[in-house]
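What follows is a short report on a single structure.
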Amino acid sequence: MMMQDFFESGQDMVFEDHRDDSAYIHESSYVDSPCRIGKNTAVLHFTHIMPHSIIGDNCHIGHHVTIASGVMIGNNVKVMNNALLNSGVILEDSVYCGASTVFNPISHLRGKRKSISRISPTLVREGANIGPNSSVAAGVVIGRYSFVEACTVIDRNIPDYALVTGNPLKFRSWRCACGEILRFEEKTARCRHCGDIYIRPSRYRVVLSEGSGKKTDDKQEHQG
């Protein structure tokens, strides 16, 4: 089930420990119970997955990764080596999380206090790409098919299809879901690689023109 379908279905979260038979979990990794690990997912060396976590199908979890309690990971997600996903992180389908990326759990943290009730959910939308050694503040939303360059500090929401970099965070350009830079003429842009059309209704918002994504999917399906 896709992550969005799960949330929209309104199903109750019943946690039964389930690790699909096709999943690969290296013997040096710790997977606490209960948790869910989907079909054809690989968990590499010295990784710790804490209880009440969900990992979807066809995922790749690198070595020395820590996935805290309550993390939700969709299908076809790659979490590379040494990444830290703290409680409250939600990665939708087809997200790429680069090596040594850190997700912070709480906006205002004190070592003396137990602040579990103050965790702010952090949402990474479908197809987003986070470069290695990036740091993500608690409570932000990283938009669909956005690109975060390496060593970026993300302390605010990122729009869909945006390319951002640096510390302090800077916007660089808009990119198509396929990765090509979008060059707008007034309020529209056509991807030179896949032909999808994008509309820019405001300065900080870009949307895919209705029907464009479907045409691209149909073309790739036909070629396959």
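Projecting the Cα atoms of Ser69, Pro168, Asn86 onto the charge dipole of the stretch 48-205 (Cβ charges, centred on the Cα centre) puts Pro168 farthest toward the positive pole.
What FRET efficiency would be calculated for the residue pair Cys178, Phe46, taking the C-beta separation as r and a Förster radius of 41 Å, to the nearest 0.05? Computed FRET efficiency for Cys178 and Phe46: 0.75.
If each residue of separation counts as 0.36 nm, what is the full-extension length gain between Ala150 and Ser202 once their alpha-carbon separation is subtracted?
So the extension gain works out to 16.0 nm.
Put simply, the amide H of Val89, placed in the peptide plane, has neighbours under 5 Å in Met72, Thr122, leaving out anything fewer than 5 places away on its chain. Computed extension gain for Lys170 through Ala137, at 0.36 nm per residue and net of the alpha carbon distance, reaches 10.3 nm.
Here, each number is a calculation from the coordinates, and none is a lab measurement. These numbers were taken from a predicted model, which means no experiment stands behind them. In this analysis, Cβ positions are derived from the backbone assuming ideal geometry, glycine residues included, and neighbour counts consider all displayed protein chains.
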